[in-house]
Every structure is written in structure tokens, then in C-alpha cells.
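Below: the structure, in C-alpha cells.
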Amino acid sequence: MSWLVWLLLLLLLVGVLTNRAVNLTDPILNSALKAMTWLVRLSGLLTLPFTRLGKSMRPVDPPAMSTLEIIFEAPTAILSFAMYRLAKYVFTRPYSDDPPGWTIPYKDVTVWENSKPYKLIFKAVVQPRWQTRALVARSTIKVKSGFEIDTLTLGKGTVSWTCVIYKGIQTVASLGGDGGGGGGWKHVKLNPGNYELVLRLYAASADSTEMNLPAVRLDANSEPVIPALTTKCNVREELAYPRMQQYEIPFIKAMHHHVYPMLECQHLLPQQLVRKTVLPIGNPESVFAYGPVHQGARMSITLSPAALEEYHLVHVAVYNRASFPVYFFDVPMSSTPFVTPDPCAIDGIYLVRAVPKMPGEPTLTYIKSASNPTANAGTFGDRLTIKLLSGAKGSKSD
């Protein structure tokens, strides 16, 4: 029970830090982030011998963190959580206003959007748990009463797609549909202002090499303000996530250090807090599952017959403790268990994304409360079963 006392006391510290942060100036905030980075690293160094001892005492089947590990990681994890909340406030405050007051064609048209270090650091704070399956394209548009988007072009070559509309950091609306070229020009009604459009296109195969980005116009029969674009993108080549490892700086490691132990103890924490911390700002239609995965463990994943009927694809990504993706795969759409052939080489977390089927005309949803749109996203319920198995082939876990 001693670690629970640590947890409660340090949660109180987190509340004080996050509430005071609103009234601080930028130099103090930046200094606080630097100081907390060193605090997390120092705390981790001081407890390292005990956590290593705890790791050697882990249960083998099913694999899990030992009680000793949890006890000595609790202070470091709470400091890390406080740092993450503070960093997110610092990074999102300049983006809480409208985007620039002009229309910008598609940019960042790549699955791996973080070729520049400053982009990677920003996304590590604001949009962690990178998308490892979809092509992502962004554009900015200035509207008077709304815009129209060519969903006929958008649907070609995809198994599913979504277009999410943001105003600042808030989600305003979401438009989505299945592939196959169905639909036509779809009107999205908006208040006057500047908005960001984020497209996520899910190809039928991760080896697809060509994707179509749609034209966007302000009014019917007018010239497109954003022209259509065909882009070549081999998802597996463009991901290039091993290159991200060079950017695993102490700041990013310290900021995401809390996620792994948080998931290990999620049964003791408010589920809304865990969900809001773990899930990315993604598609409101997506369905998610998440949890810790341990070094030496394999994953057994079973989809129910209902899941096979409801989802186009189910994708799993495993992230390290800096929240960088290191392993990802599509789950075969079969009701029989799928077991990863090799044990995981790291301690980390897994995130399962399911793309639902949306037959018929593209559906448009206006989102009224969107501080965290994925907080209202669906869950698998009994449609997905995930078990962690010990590393030896043929072992089982109940």
C-alpha cells in the first residue's frame, strides 16, 4: 500500500503544478519543463537498481510488472505525468487561435510527418501515438459559409477515409466513408473563419503506392481553391520509423515515461483519465483498445464474428516508452486467434485501431464538444480479445 500513498501525494503535486501553470509566463514554463526533465531522469537513476530488481521478479505467465517495479516507478511516473500536462499546455497555447487567414494546398503529405526535429517534438507533445497505417494530408482553408469536397475522388484506392475539420485545436466536424469511389461533392457547413482539414486515407494494403487527394471548392460550380492531387506513397517505405530513434531526446523520454506504468495500474485509476492520456487526437469514428506490453511477451489477438462484420481493418502498433512506434501490423480478419510470431523486444504499450465500415453515402458529423474527440470514440467491447503470452512458443495464458 505504500506506493498508493506515493501516488496520492504526487497526484496532489500534479494538480498544483497544472493549475499554477496557467498564470505563469513562458520563460518560467520553459524553465519548469527543463527542471522537470532533470527531476524525472534523476528519479529514474536513483530507483534504477530497485526497478531492475523488480523486473527480475516479474511473473512469467502472464508477463507483467512486478509489485516492486510499480512501487519504485510511481514517483517518477507522477513527475512525468505532471511534465506532460505542463508541456501540452505550453505547446498548445499558441495554436488555440485560428490557423492563418488564407487557403493553403495540401502539405505534409506523408505517413511519417516528422522529418524535422521541431515537428517531431511538437507532435510528441500534442499528438502522441503516431498513426502507422494511414496516409495523412493537411490543408488550411478560409471559408465564409462552408466548403465542398470531392468524395468521389477521395474514395478511390482506399478501403476507408476520413476528413476531420479543426478550428485551432478543437474538432468541429468529421466526414468519412468507405472506398470504391462512391459519393460525389459533399457540402460541409461552417461558420465564417479559418479551418484546418486533416485527411486520413486507409489503403486496402500497406504496400499501396498511389493515393488520391480530393479537390476542395468554396461553392458549387466554382473553381477549386485546393486542387486534386495524386501522390505516390509506399506506406512501408515512407514510415521509416527507425529514423525516429535518433530523436529520442531526454525531454521526450521523460515526458512519456508515465504511460507504461499508468496502463499497468489502470484498474486503480479513473478510466476517463487513462483514456484521455493514452489515446491520440484522431478520427472520432475510430475504435480503440490499449494496454501494456512487456519484454519477452507475445500478443494473442482474437476477433469475434461481429468484429469481422463491422470493421474494414484492425491495426496494432506497439510503442516504446518514449511513445515512438517500433512494431506494427494488421490483424488478419479472421475469428481464429492471431499470435505474433516473435516476442516483444521492449517494454511499452500497444494501441489497437479499428476502421469501421461506413457503407452508403459519406457521413458528416458535427461535433459539439471536442476537447478530446477520441474520448467519445467507440470501444471494442467483447469484439476483441487480447492476451499476453510468455515468449516461448506454444505457451498459453488465461
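Observations
- So TYR290, is it at pLDDT 85 or above and farther than 30 Å from GLY183 by Cα: yes
- When PRO94, PRO117, PRO100, PRO105 are checked against the criterion of being open to solvent by 10 Å² or more (accessible area, probe 1.4 Å) and at pLDDT 65 or above, a single residue qualifies: PRO105.
- Residue match in the range 61-72 (condition: open to solvent by 70 Å² or more (accessible area, probe 1.4 Å), among the polar types (S, T, N, Q) and modelled with pLDDT under 75): no
- Test result for HIS267, assigned to a loop (DSSP other than H, G, I, E, B) and at pLDDT 85 or above: no
- Residues of the range 270-291 satisfying the condition of being touching a residue at least 12 places away in the same chain (Cβ under 8 Å), of a type in the set (A, V, I, L, M, F, W, C) and either over 25 Å from ILE165 (Cβ atoms) or assigned to a helix (DSSP H, G or I) (or both): VAL274, VAL278, ALA289
- Hits in the range 250-265 - residues which are open to solvent by 10 Å² or more (accessible area, probe 1.4 Å) and more than 13 Å from PHE81 (Cβ to Cβ): PRO250, PHE251, LYS253, GLU264
- Strands (runs of 3 or more DSSP E) enclosed by the range 293-359 - at least 3 residues per element that are open to solvent by less than 50 Å² (accessible area, probe 1.4 Å): 298-303, 311-319, 348-356
The values are calculated or read from the model by the stated rules, or taken from the named source; none is laboratory data. No experiment lies behind these values; they were computed from the predicted model shown. All Cβ positions, even for glycine, are placed from backbone atoms using ideal geometry, and neighbour counts span all protein chains on display. The area values use the complete protein model at the heavy-atom level, side chains included, leaving out ligands, DNA and RNA. Shrake-Rupley method; radii C 1.70, N 1.55, O 1.52, S 1.80 Å.
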